[in-house]
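Chemist: I have a structure here, written as structure tokens, and I will follow up with some questions on it.
Coordinate-derived values only; no laboratory data. All of these numbers come straight from a predicted model, not from anything done at the bench. Neighbour counts are summed over all protein chains in view; Cβ atoms, including those assigned to glycine, are modelled from backbone coordinates with ideal geometry.
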Amino acid sequence: MISKNFEIVNKKANYQFNISDSYVAGIMLKGTEIKALREGKGSLSEAYCIFRKGELYLKNMHISEYSLGNVHNHEPTRLRKLLLRKREIKKLQAKVKEKGLTIIPLRMFISDRGLAKVEVGLARGKKIFDKRKSIKEKDNKRDLNRALKGLK
């Protein structure tokens with residue numbers, strides 16, 4: 001079943017990183033890639049962004065091969081170019097030069113106009129104690145919501 005509206009979310013991103021800024025970028029895909037994504041065959045969990053010759057690319061994003069594709073099917077983890085304005089790319093490039101910052105994809109979706117978009121975030125890796133703190137806050141929030149539902 002092919003759906004027009006899909007959203008792939010990087011669930012590990014908020015656990016492993018502190019996200020400071022986010023940008024919405026277009027992505028250059030082949031025909032079989034967008035068809036496979038609409039079938040729900042994509043993953044952002046191991047993906048990250050790199051700069052090459054002043055352009056931003058998405059690396060290690062896995063899109064499974066399209067089921068009805070033939071010999072012209074795409075490579076599952078190929079490099080995919082992200083489309084941002086030049087001033088945004090320069091701004092990101094300057095911030096990435098700081099120690100410990102990286103660019104990771106947060107989610108992928110189709111816009112109202114039918115174009116594939118990727119939300120990327122400028123992130124700094126969390127330490128182990130920060131991850132424990134995030135888990136504790138999430139558990140406390142869940143327990144509070146359960147207690148409030150029990151009162152109703």
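Here is a yes/no grid of residues against (1) small (Gly, Ala, Ser); (2) closer than 18 Å to residue 37 by Cβ; (3) out of contact with any helix residue (DSSP H, G or I) (no Cβ under 6 Å at 6 or more places or on another chain):
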site	(1), (2), (3)
83	no, yes, yes
90	no, no, yes
101	no, no, no
115	no, yes, yes
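Chemist: Please indicate, with yes or no, whether at least one residue in region 139-152 is among the charged types (D, E, K, R), part of a helix (DSSP H, G or I) and touching a residue at least 40 places away in the same chain (Cβ under 8 Å).
Modeler: First, pick out the residues of region 139-152 that are among the charged types (D, E, K, R): 139, 141-143, 146, 149, 152.
From what is left, the residues that are part of a helix (DSSP H, G or I) are 139, 141-143, 146, 149.
Filter again for touching a residue at least 40 places away in the same chain (Cβ under 8 Å), leaving none.
No, region 139-152 contains no residue that is among the charged types (D, E, K, R), part of a helix (DSSP H, G or I) and touching a residue at least 40 places away in the same chain (Cβ under 8 Å).
Chemist: Another question, if that's okay. Select from region 91-134 the residues that are among the β-branched types (Val, Ile, Thr) and in contact (Cβ under 8 Å) with a residue 12 or more places away in the chain and write down the one among them that is farthest from residue 9 (Cα to Cα). First the steps, then the outcome.
Modeler: Restricting attention to region 91-134, the residues satisfying the condition of being among the β-branched types (Val, Ile, Thr) are 96, 102-104, 110, 118, 120, 128.
Filter once more, keeping what is in contact (Cβ under 8 Å) with a residue 12 or more places away in the chain: 96, 102-104, 110, 118, 120.
Details: 96: 23, 102: 18, 103: 15, 104: 12, 110: 12, 118: 10, 120: 11 Å.
So, considering only residues that are among the β-branched types (Val, Ile, Thr) and in contact (Cβ under 8 Å) with a residue 12 or more places away in the chain, the one farthest from residue 9 (Cα to Cα) is 96.
Chemist: Can you pull out the residues in region 10-20 that are part of a strand (DSSP E or B) and either of a type in the set (S, T, N, Q) or surrounded by fewer than 13 Cβ atoms within 10 Å (Cβ to Cβ) (or both)?
Modeler: At the first step, the residues of region 10-20 found to be part of a strand (DSSP E or B) are 17-20.
18, 20, listed by residue number.
Chemist: Let me ask something else. Test residue 23 against the criterion of being buried (at least 16 other Cβ atoms within 10 Å of the Cβ), touching a helix residue (DSSP H, G or I) at 6+ places or on another chain (Cβ under 7 Å) and not aliphatic (A, V, I, L, M), and give yes or no. Break it down stepwise before answering.
Modeler: On the way: buried (at least 16 other Cβ atoms within 10 Å of the Cβ): yes; touching a helix residue (DSSP H, G or I) at 6+ places or on another chain (Cβ under 7 Å): yes; not aliphatic (A, V, I, L, M): yes.
Answer is yes for this residue.
Chemist: May I pose another question? Test residue 83 against the criterion of being within 19 Å of residue 24 (Cβ to Cβ) and buried (at least 18 other Cβ atoms within 10 Å of the Cβ), and give yes or no. Please lay out each step first, then the result.
Modeler: Working: within 19 Å of residue 24 (Cβ to Cβ): yes; buried (at least 18 other Cβ atoms within 10 Å of the Cβ): no.
For residue 83, the condition - within 19 Å of residue 24 (Cβ to Cβ) and buried (at least 18 other Cβ atoms within 10 Å of the Cβ) - is not met.
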